[in-house]
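K.L.:
Starting off with a structure, shown below.
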């Protein structure tokens, strides 16, 4: 059985915060991503695709309040593409 590819947690958080910053501000983007990581028990040096997808899903739900559903869907897709582009996960 092959292990799921993984990324450095810091790289994932940096990519996500960078995408969220224009909408939430730098501090709120970082704080939101870190808080959801804690809730999802993402606390190691690496994170697998399953947990990254759960993180993006949670962040997307929160974005609905700030941006509305349509814009949130676009931002979620942007986060997914950015993480796919980091090279550790297979492209969707």
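The values are calculated or read from the model by the stated rules, or taken from the named source; none is laboratory data. Just so it is clear, the model here is predicted, and its values are computed rather than measured. Here the Cβ is made from the backbone with ideal geometry for all residues, glycine too, and neighbour counts use every protein chain on show.
K.L.:
Identify, from the list 65, 40, the residue that is farther than 16 Å from residue 17 by Cα and surrounded by 15 or more Cβ atoms within 10 Å (Cβ to Cβ).
P.N.:
40
K.L.:
Does the range 5-12 include one or more residues that are touching a helix residue (DSSP H, G or I) at 6+ places or on another chain (Cβ under 7 Å), modelled with pLDDT of 95 or more, in a helix (DSSP H, G or I) and surrounded by 14 or more Cβ atoms within 10 Å (Cβ to Cβ)?
P.N.:
no
K.L.:
Please pick out the residue among 65, 74 that is at pLDDT 95 or above and in a helix (DSSP H, G or I).
P.N.:
Matching residue, one of 65, 74: 74.
K.L.:
If I ask for residues that are closer than 17 Å to residue 86 by Cβ and touching a residue at least 40 places away in the same chain (Cβ under 8 Å), which ones from the range 19-55 would you list?
P.N.:
Once the filter is applied, which keeps residues that are closer than 17 Å to residue 86 by Cβ and touching a residue at least 40 places away in the same chain (Cβ under 8 Å), the range 19-55 yields 19, 20, 46, 47, 48, 49, 50, 52, 55.
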